[in-house]
Amino acid sequence: MAINVVMVSGTVFGAAEDVAHHAAQILAEAGLNVMYKPRFTHSELLALEPDALLFVTSTTGMGEVTNNRA
């Protein structure tokens, strides 16, 4: 049985989203079940019953929190 990985990204200019897409491909090729969206609600995350969560983020400037945080 494959590991179920849920990926979430937070980005200002898209770098973390690009990395997340690439990482999702690599993990899927390694045999993991990967679900990626930039944002999930709490109920969506619980319904997916992930074995692991992977958060991919990037910041700009002095490390401000991204605008698309939940």
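Listing for the model above:
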| read-out | value |
| --- | --- |
| Share of carbon and sulfur in the accessible heavy-atom surface of the chain [1.4 Å probe, %] | 59 |
| 222 nm mean residue ellipticity, helices alone, for the chain (DSSP H n ≥ 4; -39,500 (n - 2.57); rounded to 500) | -9500 deg cm²/dmol |
| Built amide H within the under 5 Å cut-off of residue 36, gap 5+ | 7 |
| Per residue, in Å², the accessible surface of the chain once ligands and nucleic acids are set aside, probe 1.4 Å | 69 |
| Test item: Cα-centred dipole of the chain, Lys/Arg +1 and Asp/Glu -1 on Cβ, debye | 140 |
| 1, 7, 35, reordered so the largest accessible area comes first (probe 1.4 Å) | 1, 35, 7 |
| Candidate values [x] 12.7, 36; [y] 18.0, 64; [z] 12.6, 42, label of the one derived for Rg and Dmax of the Cα atoms in Å | [z] |
| Rounded tilt (10° steps) of 15-29 against the dominant C-alpha axis of the chain | 10 |
| Options 11, 48, 33, ranked by Cα towards positive dipole end of the chain, top entry (Cβ charges) | 11 |
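The values are calculated or read from the model by the stated rules, or taken from the named source; none is laboratory data. Since the structure is predicted, the reported quantities are computational estimates derived from the model, not experimental observations. Ideal geometry is used to build each Cβ from the backbone, glycine not excepted, and the neighbour counts take in all protein chains shown. The accessibility values were calculated without ligands, DNA or RNA, using every heavy atom of the protein model including side chains. Shrake-Rupley method; radii C 1.70, N 1.55, O 1.52, S 1.80 Å.
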